[in-house]
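Colleague: Sharing a structure with you now.
No value in this document is a laboratory result; all are computed from the given coordinates. These figures come from a predicted structure and were not determined experimentally. Virtual Cβ from ideal backbone geometry, glycine too; neighbours counted across all protein chains shown.
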Amino acid sequence: MKVVIIGGVAAGATTAARLRRLNKDVEIIMFEKGNYVSYANCGLPYYVSGEIREKSDLLLMTPELFKERFQVDVRVGSEVKAIDPDNQTVAVYNHITEKTYQESYDQLVIATGSVPIRLPIPGIDHPDIQQLWTIEDFVKIRQMVELKNIQTACIIGGGFVGIETAENLRELKVDVDVVEKGAQILNNLDFEMVQPIHKYLNKKGVHLYLNTELMAFEDDHSKIQVKTDAFTKSYDLVILSVGVKPQSELAKQAGIACNQRGGIIVDEHLMTNIPHIYAVGDVIEVEHYINHQKTMIPLAGPANKEGRILANHLMGANESYQGSLGSSIIKVFKMAAASTGFNEKQLQAQGLKRHQDYEVIIIQQKSHAGYYPGATPLTMKVIYDLQQKILGAQVVGYEGVDKRIDVISTAIHYHGKVTDLKDLHIAYAPPFASAKDAVNMVGYVAENIQNGYVKLMLPDEYQQQKDQVITLDVREDEERQVGYIEGSYHIPYGELTKRYQELDTNQTIVIYCAVGVRAYNCARILMQRGYQKVYVLSGGLGFYLDYCYK
């Protein structure tokens, strides 16, 4: 059998390597139009700052090593220009010889990935405007920073790669602005969860211009002028990072079915609508693991899994791809932000409504035992349906973010309920966690809500009705001197059992403390004394103040 693979990065390279491990006789040819294969593109932003020092550190495999170790014929600088399904051939243009030739296949794998979106903006083709995609792109940016004394940079777009590059440029003391059309960066997070990141980035000297429309670019001598609906400013360096789209034109021209966004449509075995042609990686439409609806999730983890599963299938295994969950994480200086499954924006786009179709828990805990030095805030948001099935989660903090999101992702994969989280046996020692880990605490809170022991009010809900409720601050006097919610009534936790009658039983009462633990205890005090409309401000005062940050 002869397998031809178009594209040699994550999905394509994984397919090739797995095929060889399974069968020593299959002939494998891999075409890559660029100069590199199997490189760690997720590490490219860290090459800009020198955190990853050598370009070679990003090259997981070379054409020579593929040949030596796997007997895979890798042809770089070779661009597949056309697919002929009837004759089972591809037309290949060699960028070195500048000649085109035909190559036959028994099975064809399309792993062409995605390409950066280019906005229809005047001046977008300015030669000094950089994009973030290939190794060559990042090498050029690093050389510019080192050789041209870059002092100011503007990044268009607040996605993963844009924010990672902003951080790494800032580490080089470059003054960085980020222009984002939407109300927030990092759309995998909901607004209230990304607000601490907004605040932190501005503190670190990365200036965010949110809700800002890009209008045009103009040449300004040795600089590039960026015009938006909010400001006009010139920069030494401008970088585009506004998202990606599937690189599927080759497939479309061959009659391969694609969705409206350009994603190649495949079945559970990753086969297209044309026999003997498969597709994997960022270029394909996938099924979401939770609701089984078709979507696009361009991430390295799913791409590698798809390559492995496809190789198994081509070698006769009865294996299918079960769908993508979209688990992701980003480092933002010393902070981290992670998500898995659906966020609220995505659920609401599906027509679902909070309290009618799903519930939300937001808690703030310490990353490890509070009495052990160095504990930092850890905020978790977990969304679940009315049958307690977990629909998604987000975690933001400085330490232990990856651990918590991975635990919840695993729980989702095995169809766990939110109340099951309380029963998980999380490894504990004071430097790493608390005896009741933050993940367990989500489960405890969910159980308390289910049993009617507590009701939460989320920051956006409180913001909408704070003038109609009694806001009760149960912190100590010295804490209140540092700051409080304007108009809140103050009864310290230790005095509530003696002073609770100061509160009107007919009024809705929203209780807050620093993070929510004392507020919950006070809610129980009031509820056991006949107060029915009692809520805890979810996440506590610090989280609410971050939510209100402008």
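Colleague: What does the charge add up to near Ile361, with Lys and Arg as +1, Asp and Glu as -1, over the other residues with Cβ less than 11 Å from its Cβ?
Modeller: Numbers: positive: Lys381; negative: Glu359, Glu447.
Surrounding charge for Ile361 is -1.
Colleague: Enumerate the calculated ³J(HN,Hα) couplings along the range 200-211 in order (Karplus 6.51 cos²θ - 1.76 cosθ + 1.60, θ = phi - 60°), each rounded to whole Hz, writing x wherever the residue is Gly or Pro.
Modeller: Values, residue by residue: 5, 4, 4, 5, 7, x, 9, 8, 9, 10, 8, 6 Hz.
Colleague: Quick one: Cys522, Cys548, fewest Cβ neighbours within 10 Å first, how do they rank?
Modeller: On the way: Cys522 24, Cys548 12.
Arranged by neighbour count, lowest to highest, Cys522, Cys548 become Cys548, Cys522.
Colleague: Please list, in order along the range 516-527, the HN-Hα scalar couplings obtained from phi with the Karplus expression 6.51 cos²θ - 1.76 cosθ + 1.60 (θ = phi - 60°), rounded to whole Hz, x for Gly and Pro.
Modeller: x, 5, 5, 4, 5, 4, 6, 4, 5, 4, 5, 5
Colleague: Here's another thing I want to ask about it. Using the alpha-carbon centroid of each, what span in Å lies between the range 157-210 and the range 245-262?
Modeller: Answer, in whole Å: 32.
Colleague: Compare the Cα positions of Gln463, Leu496, Tyr484 along the charge dipole of the range 456-547 (+1 at Cβ of Lys, Arg; -1 at Cβ of Asp, Glu; about the Cα centre) and return the one farthest towards the positive end.
Modeller: The one lying farthest along the dipole's positive direction is Leu496.
Colleague: Report the gain in length on full extension from Leu386 to Ser104: 0.36 nm times residue separation, minus Cα-Cα distance, nm rounded to one decimal. Can you show the working numbers first?
Modeller: Details: separation 282, 0.36 × 282 = 101.52 nm, distance 5.35 nm.
So the extension gain works out to 96.2 nm.
Colleague: Take the residue pairs Lys203/Lys245; Lys245/Lys305; Lys381/Lys455 and return only those whose Cα atoms are more than 22 Å apart.
Modeller: Details: Lys203/Lys245 32 Å; Lys245/Lys305 20 Å; Lys381/Lys455 15 Å.
Correct reply: Lys203/Lys245.
Colleague: With each label point set 7 Å from Cα along the Cα-Cβ vector, what nm distance links Gln350 and Asp229?
Modeller: 3.1 nm
Colleague: In debye to the nearest 20, how big a dipole does the range 129-242 give about its Cα centre with +1 on each Lys and Arg Cβ and -1 on each Asp and Glu Cβ? Show your work: numbers first, answer last.
Modeller: Working: 12 positive and 17 negative charges, 60 e Å.
Value, rounded to 20: 280 debye.
Colleague: A follow-up question, please. Count the DSSP beta bridges whose two residues both fall in the range 334-450, then state the antiparallel fraction as a percent rounded to the nearest 5. Kindly include the intermediate steps, with their values, before the conclusion.
Modeller: Numbers: 23 of 24 bridges.
Antiparallel: roughly 95 percent of the beta bridges in the range 334-450.
Colleague: Right, another one. How would you rank Glu399, Glu502, going from fewest to most other Cβ atoms within 10 Å of each one's own Cβ?
Modeller: Numbers: Glu399 19, Glu502 12.
By the 10 Å Cβ count, ascending: Glu502, Glu399.
Colleague: So, one more: How many angstrom lie between the Cα centre of the range 113-154 and the Cα centre of the range 1-61?
Modeller: About 23 Å separates the Cα centre of the range 113-154 from the one of the range 1-61.
Colleague: Let me ask something additional. Only Cα pairs under 8 Å and at least 6 apart count here; give the relative contact order of the chain as a rounded whole percent.
Modeller: Details: 1149 pairs, mean separation 58.3, N = 550.
11 percent.
Colleague: Also: Can you compute the FRET efficiency between Ile117 and Glu479 using 1/(1 + (r/R0)^6), with r the Cβ-Cβ distance and R0 = 51 Å? Round to the nearest 0.05.
Modeller: Values: r = 47 Å, r/R0 = 0.93.
Efficiency, rounded to the nearest 0.05: 0.60.
Colleague: List the lysines whose alpha-carbon lies under 25 Å from that of Lys148, not counting same-chain residues fewer than 8 positions away?
Modeller: Filter leaves Lys55, Lys140, Lys173, Lys204, Lys223, Lys227, Lys233.
Colleague: What percent does the relative contact order of the range 334-450 come to when contacts are Cα pairs within less than 8 Å and at least six residues apart? List each step's numbers first, then the result.
Modeller: Values: 222 pairs, mean separation 32.7, N = 117.
The value is 28 percent.
Colleague: What is the extension gain from Gln532 to Asn259, computed as 0.36 nm multiplied by their sequence separation minus the C-alpha to C-alpha distance, in nm to one decimal?
Modeller: Numbers: separation 273, 0.36 × 273 = 98.28 nm, distance 5.06 nm.
Extra length available between Gln532 and Asn259 comes to 93.2 nm.
Colleague: Give the calculated FRET efficiency between Glu136 and His292 to the nearest 0.05, with a Förster radius of 45 Å applied to their Cβ-Cβ distance. Each step should come with its number before you reach the end.
Modeller: On the way: r = 39 Å, r/R0 = 0.86.
Step by step, r from the Cβ atoms, then E = 0.70.
Colleague: Select one label from [x] 1.10; [y] 1.21; [z] 0.93: the one whose number is Cα Rg over 2.2 N^0.38 Å as derived from the coordinates shown.
Modeller: From the options [x] 1.10; [y] 1.21; [z] 0.93, the structure gives [x].
Colleague: For a Förster distance of 22 Å, can you work out the FRET efficiency between the beta-carbons of Tyr453 and Tyr371, rounded to the nearest 0.05? Could the numbers behind the result be given before it?
Modeller: Values: r = 27 Å, r/R0 = 1.23.
For Tyr453 and Tyr371, the calculated efficiency is 0.25.
Colleague: Using 0.36 nm per residue, how much length does the chain from Thr97 to His490 gain when fully extended, once their Cα-Cα distance is taken away?
Modeller: Length difference between fully extended and current span is 133.6 nm.
Colleague: Which order results if Ser434, Ser248 are arranged by neighbouring Cβ count within 10 Å, fewest first?
Modeller: The order, fewest Cβ neighbours first, is Ser434, Ser248.
Colleague: Which chymotrypsin sites (Phe, Trp or Tyr not before Pro) in the range 204-251 sit in a loop by DSSP (not H, G, I, E or B) and have at most 11 other Cβ atoms within 10 Å of their own Cβ? Don't skip to the answer; put the middle values down first.
Modeller: Working: sites: Tyr209, Phe217, Phe231, Tyr235; in loops: Phe231.
Answer in residue order: Phe231.
Colleague: I would also like to ask the following. Tabulate in residue order the Karplus-calculated ³J(HN,Hα) for the range 421-437, using 6.51 cos²θ - 1.76 cosθ + 1.60 with θ = phi - 60°, rounded to whole Hz; enter x for Gly and Pro.
Modeller: Each residue of the range 421-437 in turn: 4, 5, 8, 5, 9, 8, 4, 10, 7, x, x, 10, 6, 9, 4, 9, 5 Hz.
Colleague: Going by amide H atoms built from the backbone, whose H comes under 5 Å of the H on Ser234, apart from near neighbours?
Modeller: Amide H to amide H, under 5 Å and 5 or more residues apart or across chains, Ser234 pairs with Val226.
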